[in-house]
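Enquirer: The structure under discussion is supplied below as structure tokens; questions concerning it will follow.
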Amino acid sequence: MAAHKVVCWDCGCDVEDPFVNTCPRCGGLLTVKMDLEPLKAMKPEDLHKEPIGVWRYAPFLPVDYDKRVSIKEGGTPLYETKALSKEFGIKEMHVKYEGANPTGSFKDRGMTVGVSHAVELGAKVVGCASTGNTSASLAAYASKAGISCAVFLPSGKVAAGKLAQAMFFGAKVISIDGNFDDALAIARKMSEEKQLYLLNSINPYRPEGQKSVLFEIMDQLKYDVPDRIIVPVGNAANIWAVYKAVKELEEIGWIDKVPMLTGIQAEGASPVAKAFSNKTADFEPERNPETVATAIRIGNPVSGRKALKAIYDTGGYSTTVNDDEIISAQKMLGRREGVGVEPASAASVAGAKKLRDMGIIDKDERVVCICTGNALKDPDTIIANSDPIFKCANDIDAVKKILLG
Ligand code: F0G
């Protein structure tokens, strides 16, 4: 395992207790500080003996490679989306398709590391609050590890595919009469009372695995650093993880340029984007978040301050997209590129279009949109926004009438 320590992101003190998720001294957010010295003598190709995927980057990860709980996560395609770049007027656009992960979202990158760490600590019960994907992923990795899992979901607001996964993988599914922020408050309380080991992204080990999406993008672009990386923002840990990976590559001298990290939120759930437009380092929580992109229907993002740091520090940007823009981008990806993503994931692509239209993205930029989850996660939204199906008698002439007019 790569040498590391957990420190407070706010006051900088070392945190020894492995079961806390906030600083015992100041209540601040935690983060992992990796010892990157061994990597300074290496080059990216030295890691290529391992196939592309999260565990290729083991020297950047704070858990033991030999004891990993893995379902072969990461190694997702980076598509060059030429039809969309042409449509948007952006020189080069790529989509990092996280829907190709084992449970269909980027969460598997964090969970392989988070659950491996939980097992190292001897945890017998893991849990999380979730808008859906985190719970689907945790349920699968807990099964793989042979430990119990409890998930707390906002009632009625979790897409069918995600709910089915959590149930299928055998988690105890608890539907909370409230939103994600309410469910997370309960999960955190259960963790403070040591009833479960918490694997929401407030756990500093989760984002460590999520760094791997950036390492893969760099490998796939042969270290020709893109100008901008666009990320949908909900609870705000993923854009922070991408930033942390960028800073680590900079520290070891593998990159000498930093991509502008750009966070996109849904209009009805946009505390980070609002803070960015007010140029503040902190955000105002929103009480009643609402959006078709249920994965990012979050008003009080735990890592919101970290996300803002990532955006400001890289000269990035943050804005909102509305539900129509999200659905339209989702359809465009499907129908022009053959890539199926869930609504929250399409927010990054909708954001690329909007920021190009606003002139924030230059026509000569090279842009990567991270598309975080698979279209099959949320079939109901797709069906509700598609043309109706043709009902047809069991008769070839009736079929011909529909097809040929
Ligand atoms: N995209 C998808 C598909 C997600 O599921 C999430 C978060 C995000 C983007 C936002 O990432 O929270 O790191 O800013 N889903 C969490 C969950 C909240 O419970 O599955 P973030």
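The values are calculated or read from the model by the stated rules, or taken from the named source; none is laboratory data. Keep in mind that this is a model prediction, so the values were computed, not measured. Heads up, the Cβs are rebuilt from the backbone with ideal geometry, glycines too, and the neighbour counts pull from every protein chain shown. Quick note on the areas: whole protein, heavy atoms, side chains included, nothing else; ligands and nucleic acids left out. Shrake-Rupley method; radii C 1.70, N 1.55, O 1.52, S 1.80 Å.
Enquirer: Determine the shape class of the range 294-405: with a ≥ b ≥ c the square roots of the Cα gyration tensor eigenvalues, call it rounded for a/c under 1.5, and otherwise prolate if a/b is greater than b/c, oblate otherwise. Write out the running numbers ahead of the final one.
Expert: On the way: a/c = 3.61, a/b = 2.18, b/c = 1.66.
Prolate, since a/c reaches 1.5 and a/b exceeds b/c.
Enquirer: Kindly write out, for the range 65-81 in residue order, the coupling ³J(HN,Hα) from the Karplus curve 6.51 cos²θ - 1.76 cosθ + 1.60 (θ = phi - 60°), rounded to whole Hz, with x marking Gly and Pro.
Expert: For the range 65-81, the Karplus-derived couplings read 3, 5, 10, 5, 9, 10, 10, 6, 8, x, x, 7, x, 10, 8, 7, 9 Hz, x marking Gly and Pro.
Enquirer: How large are Rg and Dmax for the range 97-173 when calculated on the C-alpha trace, in angstrom?
Expert: So, for the range 97-173, Rg and Dmax equal 11.4, 35 Å respectively.
Enquirer: Compute the length gained on full extension between Lys247 and Ile396: take 0.36 nm times their separation in residues and subtract their Cα-Cα distance, giving the result in nm to one decimal. Don't skip to the answer; put the middle values down first.
Expert: On the way: separation 149, 0.36 × 149 = 53.64 nm, distance 6.17 nm.
Fully extending the segment from Lys247 to Ile396 adds 47.5 nm.
Enquirer: Within the set Lys43/Lys306; Lys107/Lys144; Lys5/Lys49; Lys5/Lys107, which residue pairs have Cα atoms separated by over 19 Å? Intermediate results must be reported in sequence, preceding the final value.
Expert: Numbers: Lys43/Lys306 28 Å; Lys107/Lys144 15 Å; Lys5/Lys49 27 Å; Lys5/Lys107 23 Å.
Distance filter (> 19 Å) returns Lys43/Lys306; Lys5/Lys49; Lys5/Lys107.
Enquirer: Based on DSSP loop calls and a cut-off of at most 14 other Cβ atoms within 10 Å, the longest stretch of the chain free of exposed GluC sites (Glu not before Pro) is what?
Expert: Details: sites that count: Glu16, Glu193.
For GluC sites (Glu not before Pro) (loop position, at most 14 other Cβ atoms within 10 Å), the longest site-free span of the chain is 194-405.
Enquirer: May I pose another question? What accessible surface, in Å², does a 1.4 Å probe find on Arg366, ignoring ligands, DNA and RNA and rounding to the nearest 10?
Expert: For Arg366, solvent-accessible area is about 30 Å².
Enquirer: Arg336 label point, 7 Å along Cα→Cβ, cut-off 13 Å on backbone N: hits in the range 85-101?
Expert: Residues 85-95 qualify, since their backbone N sits under 13 Å from the label point.
Enquirer: Now, a different point. Only Cα pairs under 8 Å and at least 6 apart count here; give the relative contact order of the chain as a rounded whole percent.
Expert: Numbers: 865 pairs, mean separation 69.3, N = 405.
Computed over the chain, the figure is 17 percent.
Enquirer: Let me ask you something else. With Cβ to Cβ distances under 14 Å as the rule, what net charge do the other residues near Gly53 carry (K, R +1; D, E -1)?
Expert: On the way: positive: Lys49, Arg56, Arg68, Lys72, Lys96, Arg109, Lys211; negative: Glu50, Glu73, Glu98, Asp108, Glu216, Asp219.
Once all neighbours under 14 Å are counted, the net charge is +1.
Enquirer: Moving on to the next point. Using the heavy atoms of the protein chains and a 1.4 angstrom probe, tell me the accessible area per residue for the chain in square angstrom.
Expert: Details: 16740 Å² over 405 residues.
Averaged over the residues of the chain, the accessible area is 41 Å².
Enquirer: While we're here: Around Ala269, which amide H atoms from residues at least 5 apart in sequence, or from another chain, sit under 5 Å from its own amide H, with H modelled in the peptide plane?
Expert: Glu290
Enquirer: Whole-Hz ³J(HN,Hα) for each residue in the range 38-44, computed from phi via Karplus 6.51 cos²θ - 1.76 cosθ + 1.60 with θ = phi - 60°, x for glycine and proline: what do you get?
Expert: These are the phi-based 3J(HN,Hα) values: x, 6, 5, 8, 10, 10, x Hz.
Enquirer: Could I ask something else about it? For each cysteine in the chain, check whether another cysteine's C-beta sits under 4.7 Å from its C-beta; list those where none does.
Expert: Cys13, Cys128, Cys149, Cys369, Cys371, Cys392
Enquirer: For Ser175 and Met42 in one chain, what is 0.36 nm times their gap in residues minus the Cα-Cα distance, to one decimal in nm? Don't skip to the end; give the middle numbers.
Expert: Numbers: separation 133, 0.36 × 133 = 47.88 nm, distance 4.74 nm.
That pair, Ser175 and Met42, stretches by 43.1 nm at full extension.
Enquirer: What percentages, rounded to whole numbers, describe P(r) for the range 102-243 computed over all alpha carbon pairs with 5 Å bin width beginning at zero?
Expert: 2, 11, 20, 23, 20, 12, 6, 4, 2, 0
Enquirer: Could you work out how far the C-alpha centroid of the range 27-69 sits from that of the range 123-143, in angstrom?
Expert: Spelled out, the Cα-based centre of one part sits 23 Å from the other.
Enquirer: Based on the Cβ-Cβ distance from Cys13 to Ala185, what FRET efficiency comes out when R0 is 30 Å, to the nearest 0.05? Don't skip to the answer; put the middle values down first.
Expert: Working: r = 25 Å, r/R0 = 0.83.
Step by step, r from the Cβ atoms, then E = 0.75.
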